[in-house]
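Q: Following this message is one structure expressed as C-alpha cells.
The values are calculated or read from the model by the stated rules, or taken from the named source; none is laboratory data. For clarity, every value in this text was computed on a predicted model and none was experimentally measured. Counting neighbours? That spans all protein chains shown, and the Cβs are built from the backbone with ideal geometry, glycine included.
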Protein chains: 2
Amino acid sequence: MDTREQEINNNHPDLQDESRRKFLGTTAMVTLAGAGMAIGLTACKKDEAATPAAGKAAEAGGDASRAVAPGEFEVHPGKLDEYYIFSSSGHNGEVRIYGLPSGRTLKQIPVFNIDPMVGWGITNESKKIIGTRPDGSLKYFTGDTHHVHGSYTDGTYDSKYLWTNDKLNNRIARIRMDYMECDKITEIPNVQGFHGIFPDKRDPVDASINHTTRVFCGAEFHIPQPNDGHDLDDPAKWRGLFTCIDAESMEVRWQVKVDGNMDLVATSYDGKLAAVNQYNVENGAVLADMMSAERDACLFLNVARIEAAIKAGKSFTIGDSKVPVVDGTQAANADPKTALTCYVPVPKNPHGVNLSPDGKYFVCAGKLSPTATVIATELVHKYFAGELKEPRDAVVAEPEIGLGPLHTAFDGKGNAYTSLFLDSQIVKWNVEASIAQFKGDKNAKPVVDRIDVHYQPGHTYASMGETKEADGKYLNAGNKFSKDRFLPVGPLHVETEQLIDIRGDKMRLIHDHTAYPEPHDAIIVRADVVKTKQIYNMDDFPNAVKSFGDSRVERKGNKVNVYMTSQAPNYSLQEIRVKQGDEVTITLTNHDKVEDLTHGFGIEKYNINFIVNPQETHSVTFKADKAGMFWIYCTHFCHALHLEMRSRFIVEK
Amino acid sequence: MDTREQEINNNHPDLQDESRRKFLGTTAMVTLAGAGMAIGLTACKKDEAATPAAGKAAEAGGDASRAVAPGEFEVHPGKLDEYYIFSSSGHNGEVRIYGLPSGRTLKQIPVFNIDPMVGWGITNESKKIIGTRPDGSLKYFTGDTHHVHGSYTDGTYDSKYLWTNDKLNNRIARIRMDYMECDKITEIPNVQGFHGIFPDKRDPVDASINHTTRVFCGAEFHIPQPNDGHDLDDPAKWRGLFTCIDAESMEVRWQVKVDGNMDLVATSYDGKLAAVNQYNVENGAVLADMMSAERDACLFLNVARIEAAIKAGKSFTIGDSKVPVVDGTQAANADPKTALTCYVPVPKNPHGVNLSPDGKYFVCAGKLSPTATVIATELVHKYFAGELKEPRDAVVAEPEIGLGPLHTAFDGKGNAYTSLFLDSQIVKWNVEASIAQFKGDKNAKPVVDRIDVHYQPGHTYASMGETKEADGKYLNAGNKFSKDRFLPVGPLHVETEQLIDIRGDKMRLIHDHTAYPEPHDAIIVRADVVKTKQIYNMDDFPNAVKSFGDSRVERKGNKVNVYMTSQAPNYSLQEIRVKQGDEVTITLTNHDKVEDLTHGFGIEKYNINFIVNPQETHSVTFKADKAGMFWIYCTHFCHALHLEMRSRFIVEK
C-alpha cells in the first residue's frame, strides 16, 4: 500500500498532510476575501483550549488522547451497526439511510427524483404521490432535500414517520418508517426556498398529546404575495411564509407572514415554541442589501396564539390558496402579550438553530460572526408573558467559538459541538461555562476542545442529539468539500462525512465516509428504536392480484388491463397481446413471501421498469406505440433461473 | 454495542449466525425446487478441500488461518484507497466508483437515468447524449447496466474509456475516464436484452494495434428480424445479433446473426476471438423449452473472418438498419476452415465466460451444472484452422466445483475463483489441476479452498483480474441477497458486496460493503493506473461564456438566450427578465478554478437544476410558462455566503 500511495502522492503533490493544511488555509482565506467580508480573523483564537492542529495529530497518531485503536470501530462481517443515520441528499432529491459506525449506505429512498430501479416516478402509485400534469407526466422530477427529521413521542423518536423538505419546488414529503418509503408529498403554497423543517414534540395546549401532530416549515426566499406577476421589482413588498403541516393528513394547516428570510427550524419540547434563524431581515434582493444590517434574528413563533388567532377569524388568504394566514411581521406584533412572534436579535446572517436536549437553550450559530448565541427557552416564554423588556434580553450567552459557525449538536452532558465552516473544525464548548462568561466570569472558558475536519463542515449532528435521549456517543461532521480526501474521480467530488467519537474529553476522529452530493442534515437514531416490516401485507394494496387464477388480459375499447403475478422464477402470464395504439395498464403482484425476494419488471425498449417486493403490488400505464415482440424480463435478481424469468409483450399492428 | 445487538437479535431471531445458515439452506433448496430442477445436489461435495463452514469460522474467529487482524484493512482518515472498483448499478441505470479496500462510494456516474444533482437528463448537453424525442423529451430515462469494462493497451487498462450496457433499452454508453462522465450513448439496432459487453484488446490482423478499437456486445433475447410486427409467434425464426461497436466513433460496425441467447462476452489478448456463453440454443420462448436441450454452448467468433466476409460483400441488412450483418448460425458455418463462428458445447444454461490472465483458457460456468468448463484458446484457433475434429474437443477440463457456478475470476497464479450461487460460496480451484484431472489423473484435486459469502453471489472479480497484470490481492463477491446482513430498512434490501483477501492459500473475508440494487459486474483497477483531470478546460465547451462581460440576455422573437457566469458567491446576472410563453435558453459557465468548487443552478418551481464544475459550461432550454418572480439559487454548497448566492428569474405577464 505504501508504494502505491507514494505513486499517487507523486502524481498529486497536494495530498501530503502538511500541504493539505496549507491548501485549506489558502482556500478559506480566498473564499472569505471573495465575499468582501472584513471580520476579525484572529478574534476568536485567544481562548482556545486546544490548538487547531490537534485533529491532525490524531491522524498521525501523535496525540495519544485522540488515538483510535486499530479496528476499534470496525463493524465485522455479519455484525450489525449500532445506529441509523437518516440523511438528506440535497439536490439529488432522495433520502438516504446509513449505518453507524460502519458508514455503509443501507438504503436510498427515492422521494423527489425518478428512480428506475424502484420504478419511482414510473408506477401509477408513485406518480400519484409525486403529482402529475394533466397529460400524466410528472409535474416535477427534481428536488433539493436539506433536512430529515423524525416523529416524536415523549421527547424521543417513535419510528413512525420521517419528513423531508424540497427547497427547489417547495414540497414536504413524508416517509413511513415501517417500509421506509415515501407515502405523501404536499406542495406548500406561496413559498419559495422552503429550507428548514421540524416536527413539533407536544401539543402547545393539550399536554397529554405528547407526540408529533404538526410539522413546521421555514421559507427562505421572500416573494411577492401572491406571486402572480405583480410586485416583481419591489422587495419591500416581498414576504416569506412560515408553514404548519398536519403530520397525519399532510395538509397545510396554516401559515404566518413574517419579515426576513427563514433558514432552519427547531421546536421546544413543550410544544409551545417554534424557532427559525433568519438572515436578510433587510428584505434585500441582492447580496449587498442582504448583508447591510448589523443584526438579523432568531424568530420564535407562539404556536398556541397563532392557532387561537386563526380560530378567532384573524386570518386571511393569499391568491388561490385556501390556507389561513396570519400576520407575524414585527410591525403587527409590537405588544409582547399578544404577539404571535418574537424576533430575538442575533449577529447578522446567522445559520442554524438547535435546541439542547434538556430543552433549556436554543443555540443560533453566527456564520459571519465567530460566535454562537444562546437563547433561554424560559426567557422567550417570559417575553410572550410581557415579563421581558426586549427580545434581546432572552440571550444568555454569546461565546466566541471560531470562524464560520453553522450548526450545533449536543451530547446531553452540557456540551455543544458547533461546525466551523471557515476554520474547518468542530468546536466543543460548554453551555453553562458560556453563560457564566456572559455574566462576567472572566475565568470561565467555554471552549473545551477542537478537532480538524476535512473540509468546510456544514451540518454536524450527534447520536440521539435532538431528543431527550442524547447519548453523547457519536458525532458526524458533514463536510462540504472533500478535495484531496479520496482517490480522484474527476472534477465532481463526493462529500466527506467524518465520524467522531465524543464520549471522552477529547474528540477522536474515527474515519471518513463518503456521500454523493450533497447531503445536508441528518439524524442519528439508535438501532433498537427503529421498527420495520420486511414483507408487505398484500391486503394493503387495493389493486392486488390475489391469486394466479386472477391473471388475465381485459379489453375495454382501446384500453387494456393486464393482471399478473410473480413467483420465482415465473410471471403468471407468458405473453401479453395488445394492439398498436392501445393504452395498456399492467398490474403485478409479487406472491413470493421470502424476505428480500424482490422481482423486477422491465419491458424492452418501452422505458418501463419497476420492482415488486415480497407481497407488494404495482401498476404502470402506457401507450403501446411500437409494433413488434418485446421481451419482459425480471430486472431484479431473484433465483438461479432469474435470466429465464421472462414474458413477452406482443404488439400487433 | 452488545446490548444493542442483543435487542436487535431478540426482534430478529433469524440474525444469529447458526439460524442464518439454516435460513439460507432452506431458501436455496426452495429456490431450486421452485425451478423444477432435478440435479444431483450432493454430487459436487465429494472432493472438497475445505468444509462449507470454513467461511463462518473466519467470522467467528475460530479458524486462525482465516482471521483478519483488527484494523488490518482499515483505510485511516486521510489515507487513500489502493484500488478503484468501477461497477454497474443494474436497473438504477448508473455506473458507480468505489474505493478498495474501504468500500466507500467515490462517485455515481449518471448514464441511463435522470440525475437532478448533476442535471443529467436536464441540461441540453446531457439530453443530446441520451437522445430525445421530436418534442425534446428524453427518449428513455430507464436503463439496466450489467457490465463495466475498460479500454486496454498492451493487455491492461489504459484509463481512457469505460463502457457499459443497457439491457433494457439496448444501448451502449461510453465514459471518458479523465472526467469520469458519459460522453456517448449508442442504441443498437435489432437487438433485445443486450447483456454482455467486452472491449477487444488488440487488432485481429494488425498486431501493432495493441489497444482497444472495438467493443463487442451480446444480445440475450432472440426476436423477429426485423421486429416490426411479423413472426410474432414463430420462435424458430427469432434470432439474436452479436454486435461490434467502434470504440472511438461509437458507431455500430457490424453484426452477426447467431443461434441461441447470448449472455456474457470475453475477448482474447490476441484480438482474434470473442467468446459468448449461451443458453437457450433451443430458441425456446418459454422456460421449459429454454431448458430442454442437455447442452448449450460457448460461442466463439472469429473477428478477422467476420470483417473479411463483410469486406467481401457477404453481408445483408435488416429492416431500416444500415449495419452490415453476416450469418453466424451453426447451419451456415459447418466448415471450420471458413466458419465465422464455433459453438463449443457446454452443460445446459451456463452463465459467465471469463478469460485467464495468461490468455490460455476461457472458463464457462455451469449454473445448472455443478461444473466449470475450461476451453483452451489455442484449441479454438485449431478448430478455425480445421485441425480439431469437433468444437467440444476444445474443452480441456470440466471440474466439479459446487452448486450454481456463475462467474470466474483469476489471481494470475493459476487459480480460478468461481461464485457458487446456490452454495453461497466462492470456490478457489486450480486450473492446471483441473486439466490434469480431466486427462485422467485421479490424484489431481482441483478445488483448493471455499469460503461462505452472504448470500447467493452473482459476479465475482479480482484485482486487475481481467488483465495481464492480475495481482491476486483482492476478490469481491457481489451477492444478490443481503437478507439479515445489515440493519433492517424495510422490504427492499441493499446488496452485500464482500471483500476477500486472496493473497494466501486460504481466502479471508475482510468485510461487507453495501450497494444500492443492483450492481452486477465490476472491474478492480489499481489506483496508479487511473489518471483523471480535476478541472475542466473552458475551451472544451463551444458555448462557454468566457468573461463576465459577455453576460447578457438576448431576444429573437419569443426565443430568449441568457448568458451567465458563476464565481463564488455570485452569478453574473442578478436577474433574468423574460415574458410568459418565451422559450428560454440559459447558458452558464463556472469561472471558479479551485478544485471541488462546484456551483449549482436551480430555479424555484421550474423543475430546473444542474451543476457547473470548475471551468465547466452547461445550458438548459425550457418554456417560461408561469408568470411571477422565481428565485434562482446555488444548489451546490460553494462558500460561506452560499445561501446568499442567488439571482431572480422574472417572468412578466
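Q: Does B:Ser572 satisfy the criteria of being closer than 27 Å to A:Asn261 by Cα, in contact with a helix residue (DSSP H, G or I) (Cβ under 9 Å, 6 or more places away or on another chain) and among the small types (Gly, Ala, Ser)?
A: Taking the combined requirement at face value, the residue satisfies it.
Q: Continuing with this model, one more query. For the subset of the range A:80-106 comprising residues that are at the interface with chain B (Cβ under 7 Å from one of its Cβ atoms) and closer than 17 Å to B:His493 by Cα, which member is surrounded by the fewest Cβ atoms within 10 Å (Cβ to Cβ)?
A: Looking at residues that are at the interface with chain B (Cβ under 7 Å from one of its Cβ atoms) and closer than 17 Å to B:His493 by Cα, I get A:Leu80.
Q: Just to be sure, is A:Arg133 within 26 Å of A:Thr589 (Cβ to Cβ) and of a type in the set (Lys, Arg)?
A: Answer is no for this residue.
Q: Considering the range A:567-620 alone, what residues qualify as being within 9 Å of chain B (Cβ to nearest Cβ), more than 30 Å from B:Glu187 (Cα to Cα) and more than 35 Å from the chain's Cα centre (by Cα)?
A: A:Gln567, A:Ala568
Q: Which residue out of B:Asp484, B:Asp505 is touching a residue at least 24 places away in the same chain (Cβ under 8 Å) and closer than 23 Å to B:Trp429 by Cα?
A: Checking each option against the conditions leaves just B:Asp505.
Q: Could you check B:Cys217 against (1) without any contact (Cβ under 8 Å) to a residue 60 or more places away in the chain; (2) surrounded by fewer than 23 Cβ atoms within 10 Å (Cβ to Cβ); (3) more than 14 Å from every other protein chain (Cβ to nearest Cβ); (4) within 25 Å of B:Lys348 (Cβ to Cβ) and say which number it fails?
A: B:Cys217 satisfies all of (1) without any contact (Cβ under 8 Å) to a residue 60 or more places away in the chain; (2) surrounded by fewer than 23 Cβ atoms within 10 Å (Cβ to Cβ); (3) more than 14 Å from every other protein chain (Cβ to nearest Cβ); (4) within 25 Å of B:Lys348 (Cβ to Cβ) except (2).
Q: Over 22 Å from B:Gly352 (Cα atoms), assigned to a helix (DSSP H, G or I) and at the interface with chain A (Cβ under 10 Å from one of its Cβ atoms): is that true of B:Asp484 in this structure?
A: No, not satisfied.
Q: Still on this structure: Name the single residue that is surrounded by the most Cβ atoms within 10 Å (Cβ to Cβ) among those in the range A:416-428 being touching a Gly at 6+ places or on another chain (Cβ under 8 Å) and not in a loop (DSSP other than H, G, I, E, B).
A: The residue in question is A:Ser419.
Q: Turning to a different aspect of this structure: Only one of (1) farther than 22 Å from A:Leu100 by Cα; (2) in contact (Cβ under 8 Å) with a residue 60 or more places away in the chain; (3) more than 25 Å from the chain's Cα centre (by Cα); (4) part of a loop (DSSP other than H, G, I, E, B) is not met by B:Asp449, so which one is it?
A: Here B:Asp449 clears every test but (4).
Q: Now a separate question. Among the residues of the range A:266-273, are any within 30 Å of B:Ser647 (Cβ to Cβ), of a type in the set (Gly, Ala, Ser) and in contact with a Leu (Cβ under 8 Å, 6 or more places away or on another chain)?
A: Yes: the range A:266-273 contains one or more residues that are within 30 Å of B:Ser647 (Cβ to Cβ), of a type in the set (Gly, Ala, Ser) and in contact with a Leu (Cβ under 8 Å, 6 or more places away or on another chain).
Q: Just to be sure before I move on: is B:Val431 buried (at least 20 other Cβ atoms within 10 Å of the Cβ), modelled with pLDDT of 95 or more and closer than 18 Å to B:Gly404 by Cα in the structure I sent? Before the answer, list the steps.
A: Numbers: buried (at least 20 other Cβ atoms within 10 Å of the Cβ): yes; modelled with pLDDT of 95 or more: yes; closer than 18 Å to B:Gly404 by Cα: no.
Answer is no for this residue.
Q: Follow-up. Taking the range B:280-307 as the region of interest, how many residues are over 22 Å from B:Leu379 (Cα atoms) and either crowded, with 18+ Cβ neighbours inside 10 Å or not hydroxyl-bearing (Ser, Thr, Tyr) (or both)? Give the steps one after another, and end with the answer.
A: In the first step, residues of the range B:280-307 are kept if they are over 22 Å from B:Leu379 (Cα atoms); the result is B:280-294.
Now drop any that are not either crowded, with 18+ Cβ neighbours inside 10 Å or not hydroxyl-bearing (Ser, Thr, Tyr) (or both), which leaves B:280-291, B:293-294.
Total satisfying the criteria: 14.
Q: I need a count of the residues in the range A:214-240 that are in contact with a Gly (Cβ under 9 Å, 6 or more places away or on another chain) and under 17 Å from A:Glu307 (Cβ atoms).
A: 3
Q: Any chance you could count how many residues in the range A:192-212 are surrounded by fewer than 21 Cβ atoms within 10 Å (Cβ to Cβ) and in contact with a Cys (Cβ under 8 Å, 6 or more places away or on another chain)? Can you show your working first?
A: Here is the first cut: in the range A:192-212, the residues surrounded by fewer than 21 Cβ atoms within 10 Å (Cβ to Cβ) are A:203, A:205-211.
From what is left, the residues that are in contact with a Cys (Cβ under 8 Å, 6 or more places away or on another chain) are none.
The total comes to 0.
Q: Which of the strands (runs of 3 or more DSSP E) contained wholly in the range A:593-653 include at least 3 residues that are within 28 Å of B:Asn280 (Cα to Cα) and touching a Phe, Trp or Tyr at 6+ places or on another chain (Cβ under 8 Å)?
A: Fully inside the range A:593-653 and qualifying: A:599-603, A:608-612, A:628-633, A:646-652.
Q: Can you name every residue in the range A:246-304 that is among the β-branched types (Val, Ile, Thr) and either in contact with a Lys or Arg (Cβ under 7 Å, 6 or more places away or on another chain) or touching a residue at least 24 places away in the same chain (Cβ under 8 Å) (or both)? Steps first, answer last, please.
A: Quick first cut of the range A:246-304, residues among the β-branched types (Val, Ile, Thr) only: A:252, A:256, A:258, A:265, A:267, A:276, A:281, A:286, A:303.
Residues satisfying the conditions are A:Val252, A:Val256, A:Val258, A:Val265, A:Thr267, A:Val276, A:Val281, A:Val303.
Q: Considering each residue of the range A:415-436, count those that are farther than 28 Å from A:Lys483 by Cα and among the charged types (D, E, K, R), and give that number.
A: 1
Q: Can you tell me which residue in the range A:110-143 is surrounded by the most Cβ atoms within 10 Å (Cβ to Cβ), limited to those that are facing chain B (nearest Cβ under 10 Å), within 23 Å of the chain's Cα centre (by Cα) and hydroxyl-bearing (Ser, Thr, Tyr)?
A: Once the filter is applied, the top-ranked residue is A:Thr142.
Q: Mind checking whether some residue in the range B:359-368 is closer than 22 Å to B:Lys272 by Cα, in a loop (DSSP other than H, G, I, E, B) and touching a helix residue (DSSP H, G or I) at 6+ places or on another chain (Cβ under 7 Å)?
A: Scanning the range B:359-368 turns up at least one residue that is closer than 22 Å to B:Lys272 by Cα, in a loop (DSSP other than H, G, I, E, B) and touching a helix residue (DSSP H, G or I) at 6+ places or on another chain (Cβ under 7 Å).
Q: Let me ask you something else. Need the failing condition index for B:Leu509 against (1) over 26 Å from A:Pro101 (Cα atoms); (2) under 28 Å from the mean Cα position of the chain (by Cα), just the number.
A: In the conditions (1) over 26 Å from A:Pro101 (Cα atoms); (2) under 28 Å from the mean Cα position of the chain (by Cα), B:Leu509 misses (1) alone.
Q: Shifting gears a bit: Quick check on B:Val453: is it surrounded by fewer than 24 Cβ atoms within 10 Å (Cβ to Cβ), among the aliphatic types (A, V, I, L, M) and either more than 7 Å from chain A (Cβ to nearest Cβ) or touching a Cys at 6+ places or on another chain (Cβ under 8 Å) (or both)?
A: Values: surrounded by fewer than 24 Cβ atoms within 10 Å (Cβ to Cβ): no; among the aliphatic types (A, V, I, L, M): yes; either more than 7 Å from chain A (Cβ to nearest Cβ) or touching a Cys at 6+ places or on another chain (Cβ under 8 Å) (or both): yes.
It is false that B:Val453 is surrounded by fewer than 24 Cβ atoms within 10 Å (Cβ to Cβ), among the aliphatic types (A, V, I, L, M) and either more than 7 Å from chain A (Cβ to nearest Cβ) or touching a Cys at 6+ places or on another chain (Cβ under 8 Å) (or both).
Q: I've got another one for you. Which fully enclosed strands (runs of 3 or more DSSP E) of the range B:494-557 have 2 or more residues being over 29 Å from B:Glu181 (Cβ atoms) and hydrophobic (A, V, I, L, M, F, W, C)?
A: B:508-515
Q: Sticking with this structure for a sec: Could you grab me the full set of residues in the range B:621-637 that are within 20 Å of B:Ile122 (Cβ to Cβ) and either within 8 Å of chain A (Cβ to nearest Cβ) or small (Gly, Ala, Ser) (or both)?
A: Across the range B:621-637, the qualifying residues are B:Ala624, B:Phe630, B:Trp631, B:Tyr633, B:Thr635, B:His636, B:Phe637.
Q: State whether one or more residues within the range B:324-344 are of a type in the set (Val, Ile, Thr) and exposed (fewer than 15 other Cβ atoms within 10 Å of the Cβ).
A: First, pick out the residues of the range B:324-344 that are of a type in the set (Val, Ile, Thr): B:325-326, B:329, B:338, B:341, B:344.
If we keep only those that are exposed (fewer than 15 other Cβ atoms within 10 Å of the Cβ) as well, we get B:338.
Among the residues of the range B:324-344, at least one is of a type in the set (Val, Ile, Thr) and exposed (fewer than 15 other Cβ atoms within 10 Å of the Cβ), which makes the answer yes.
Q: If you don't mind, there's one more thing I want to ask. Conditions: (1) of a type in the set (Phe, Trp, Tyr); (2) within 27 Å of B:Asp158 (Cβ to Cβ); (3) at the interface with another protein chain (Cβ under 8 Å from one of its Cβ atoms). B:Tyr461 meets all but one. Number of the miss?
A: B:Tyr461 satisfies all of (1) of a type in the set (Phe, Trp, Tyr); (2) within 27 Å of B:Asp158 (Cβ to Cβ); (3) at the interface with another protein chain (Cβ under 8 Å from one of its Cβ atoms) except (3).
Q: Which residue out of B:Leu509, B:Leu475 is at the interface with another protein chain (Cβ under 9 Å from one of its Cβ atoms), surrounded by 23 or more Cβ atoms within 10 Å (Cβ to Cβ) and among the hydrophobic types (A, V, I, L, M, F, W, C)?
A: Answer to the check: B:Leu509.
Q: Can I ask one more? Touching a Lys or Arg at 6+ places or on another chain (Cβ under 9 Å) and surrounded by fewer than 20 Cβ atoms within 10 Å (Cβ to Cβ), is that true of B:Asp596?
A: When the stated conditions are applied, B:Asp596 does not pass them.
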